[in-house]
Amino acid sequence: MKKIIFALLGLFLLSACGTGEDAVDTRESTTVSNDNSVAIIYYSLTGTTAEVANEIQQKTGGTLIEIATAEPYPDEYSDVTDIVSEQIENDALPDLANIETSLADYNTIYLGSPIWYGSISLPIQKFLTDNDLSGKEVYPFYTSGSSGIDSAVEEVELLASRANVHTGLGLSENDMDSMEDNVSDWLTGN
C-alpha cells in the first residue's frame with residue numbers, strides 16, 4: 001500500500017508541473033434518475049469542495065452530508081501537509097466523525113473530494129473503505145489547485161467497486177469562476 005501511495009504522490013508532483021488542465025473521464029454518461037433519494041456526500045478542508053457540493057444540492061434537491069474527521073486537521077496548510085504526508089507514509093487513514101444518517105436511504109450519491117497529492121482526500125478514502133456502496137449510482141466530483149482527476153477516478157472506481165461509478169467532474173481553481181455553469185453542464189450530461 002505504501003508503494004501505491006508513493007506512486008500516487010509522484011503522480012501528484014508530476015501533475016502539479018502540468019498545464020493545469022483537468023482530465024475528463026470520457027466514459028459514456030447516463031441519466032440520473034430523479035425517482036431515487038439523492039445524497040451529496042463530501043469532504044472539504046478549505047471550503048472549495050463544500051461550495052461545489054452546495055451548488056449540486058441546490059440543483060438536485062438532495063441531502064447534503066459533510067464528512068468530517070474525528071480530529072480536525074489544523075488550519076495552517078503546512079501543518080496539514082505534514083500530517084497528511086505522515087498518514088500516507090504510515091498507511092493510516094484518519095478516523096471519521098459519525099454520520100447521522102443511513103446510506104441505505106440513498107440510491108444516488110454525489111461524492112465530493114479535494115485532490116490531495118494527486119489522489120482523493122484521505123477522509124474520502126476512509127469513507128469509501130468503511131461504507132458499502134453496492135448498487136448505488138455514484139457521481140464523483142473533485143476540486144483541485146491544478147491536478148487532473150484521472151487517478152482520483154480510478155481510486156473511486158476501485159474503492160467503490162460494487163457501485164455504478166459515473167463520469168466525474170473535476171474543477172481546478174481556474175474553473176471556480178464558472179463553477180455553476182460547469183456543475184449544470186455536468187448534471188445535464190449525467
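Of all residues in region 76-104, those that are at pLDDT below 90 have Cβ atoms under 8 Å from Cβ atoms of residues that are aliphatic (A, V, I, L, M), 6 or more apart or on another chain, in I99/I65; I99/I67; T101/A39; T101/I65.
Of all residues in region 109-134, count the ones that are open to solvent by 20 Å² or more (accessible area, probe 1.4 Å) and in a loop (DSSP other than H, G, I, E, B). So the count comes out to 4.
Looking only at region 163-173, filter to residues that are of a type in the set (S, T, N, Q) and either more than 18 Å from the chain's Cα centre (by Cα) or closer than 17 Å to T108 by Cα (or both); which one of those is surrounded by the most Cβ atoms within 10 Å (Cβ to Cβ)? Looking at residues that are of a type in the set (S, T, N, Q) and either more than 18 Å from the chain's Cα centre (by Cα) or closer than 17 Å to T108 by Cα (or both), I get T167. If the condition is being surrounded by 24 or more Cβ atoms within 10 Å (Cβ to Cβ), over 9 Å from the mean Cα position of the chain (by Cα) and not small (G, A, S), then region 135-153 contributes Y139, I149. Checking the stated criteria, E51 turns out not to satisfy the condition of being of a type in the set (D, E, K, R) and closer than 20 Å to E100 by Cβ.
As a summary of the residue check, Y73 satisfies the conditions (1) buried (at least 16 other Cβ atoms within 10 Å of the Cβ); (2) at pLDDT 95 or above; (3) touching a Leu at 6+ places or on another chain (Cβ under 7 Å) except for the one numbered (2). For the list (1) surrounded by fewer than 16 Cβ atoms within 10 Å (Cβ to Cβ); (2) at pLDDT 95 or above, I need the number of the one condition that V38 fails. (1) is the only condition that V38 fails. Applying the set (1) of a type in the set (A, V, I, L, M); (2) loosely packed, with under 14 Cβ neighbours inside 10 Å; (3) under 12 Å from Y110 (Cα atoms) to A92 leaves exactly one unmet item: (3).
The values are calculated or read from the model by the stated rules, or taken from the named source; none is laboratory data. No experiment lies behind these values; they were computed from the predicted model shown. Cβ coordinates were reconstructed from backbone atoms using ideal geometry, including for glycine residues, and neighbour counts include every protein chain displayed. For accessibility, only protein heavy atoms count, side chains too; no ligands or nucleic acids. Shrake-Rupley method; radii C 1.70, N 1.55, O 1.52, S 1.80 Å.
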